[in-house]
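The values are calculated or read from the model by the stated rules, or taken from the named source; none is laboratory data. Everything numeric here is computed off the predicted structure, so don't read it as measured data. Using ideal geometry, Cβ is built from the backbone for each residue, glycine included, and neighbour counts are taken over all protein chains shown.
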């Protein structure tokens, strides 16, 4: 019952994976992009390997809530991925996920060179953890309303 999350970049894709109970997000890897076909193959293989039940892609939004060119690219990748995998593909607001990841790494005194290698994976963790927290809160609210 794992959920996979992606932080899409032009050069790299950060990947995070939930635990079986969908409570905790863990960084899985940072994938160096090669080509559209190779990128889709890589993510498809991860979905199969980890028996993922849902894929969440960080959706870049402008601070005023509008969508730009990067969001269009993200939707296009998600659409292409939807045609290749059998699990639902959703989107989650990723505003400030990279900023938060950068802040955590700086506070941990991680060097600039090392930060560059893990920042996308950390951003994916932030996206996924935010989504998992939302799901948990939603279930709790539904339980209160039905009880």
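If only residues of segment 7-17 that are out of contact with any helix residue (DSSP H, G or I) (no Cβ under 6 Å at 6 or more places or on another chain) and in a strand (DSSP E or B) are counted, the one that is surrounded by the most Cβ atoms within 10 Å (Cβ to Cβ) is 13. Between a residue in segment 108-128 that is part of a helix (DSSP H, G or I) and any residue that is modelled with pLDDT under 75 and crowded, with 24+ Cβ neighbours inside 10 Å, which pairs come within a Cβ distance under 7 Å, given they are 6 or more apart or on different chains? Qualifying pairs under 7 Å: 119/101; 122/101; 123/97; 123/101; 126/97; 126/101; 127/97. Quick check on segment 59-66. Is at least one of its residues closer than 14 Å to residue 5 by Cα and surrounded by 14 or more Cβ atoms within 10 Å (Cβ to Cβ)? Yes - at least one qualifying residue is present in segment 59-66. Can you confirm whether residue 4 is at pLDDT 95 or above, crowded, with 19+ Cβ neighbours inside 10 Å, out of contact with any helix residue (DSSP H, G or I) (no Cβ under 7 Å at 6 or more places or on another chain) and closer than 14 Å to residue 124 by Cβ? Criteria not met by residue 4.
Conditions tested, residue by residue: (1) part of a helix (DSSP H, G or I); (2) modelled with pLDDT of 95 or more; (3) farther than 19 Å from residue 133 by Cα.
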{"site": "23", "(1), (2), (3)": "no, yes, no"}
{"site": "31", "(1), (2), (3)": "no, yes, yes"}
{"site": "43", "(1), (2), (3)": "yes, yes, yes"}
{"site": "61", "(1), (2), (3)": "no, no, yes"}
{"site": "66", "(1), (2), (3)": "no, no, yes"}
{"site": "79", "(1), (2), (3)": "yes, yes, yes"}
{"site": "85", "(1), (2), (3)": "no, yes, yes"}
{"site": "91", "(1), (2), (3)": "no, yes, no"}
{"site": "101", "(1), (2), (3)": "yes, no, no"}
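Residue 75 meets the conditions (1) under 14 Å from the mean Cα position of the chain (by Cα); (2) surrounded by fewer than 19 Cβ atoms within 10 Å (Cβ to Cβ); (3) not in a helix (DSSP H, G or I) in every case but one. The failed one is (3).
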